[in-house]
Amino acid sequence: MKHCVITVRPETTKETFEYICTKARARFGANVGFSRVDDPSIIGGFILQMEAGVYDMSYSALLRDARRHLCG
């Protein structure tokens, strides 16, 4: 079984967390276990960590990428 750590804001609802897990299972296979880490420094979005890598879908990362594309 693969293990995945999902970091979210503490205010993230159980339903939203389960939605992220469902999407991750669709992407990485049904045999994935999840654990949740609450991090108040995340503005929004989430960070998914597993052996295949880190998928940073936090607002900070999205803004950083947008700035890089716009400013060069």
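Readers should treat all values here as calculations from the given coordinates under stated rules, not as data from a laboratory. Computed from a predicted structure; not experimentally measured. Ideal geometry is used to build each Cβ from the backbone, glycine not excepted, and the neighbour counts take in all protein chains shown.
Observations, loosely collected:
- Of the residues making up segment 29-38, those that are exposed (fewer than 15 other Cβ atoms within 10 Å of the Cβ), in contact with a strand residue (DSSP E or B) (Cβ under 9 Å, 6 or more places away or on another chain) and either farther than 12 Å from V5 by Cα or β-branched (V, I, T) (or both) number 3.
- Listing of strands (runs of 3 or more DSSP E) fully contained in segment 31-72 that carry 2 or more residues being closer than 16 Å to E11 by Cβ: 32-38
- Any chance M50 is surrounded by 11 or more Cβ atoms within 10 Å (Cβ to Cβ), closer than 14 Å to M1 by Cα and under 11 Å from the mean Cα position of the chain (by Cα): yes
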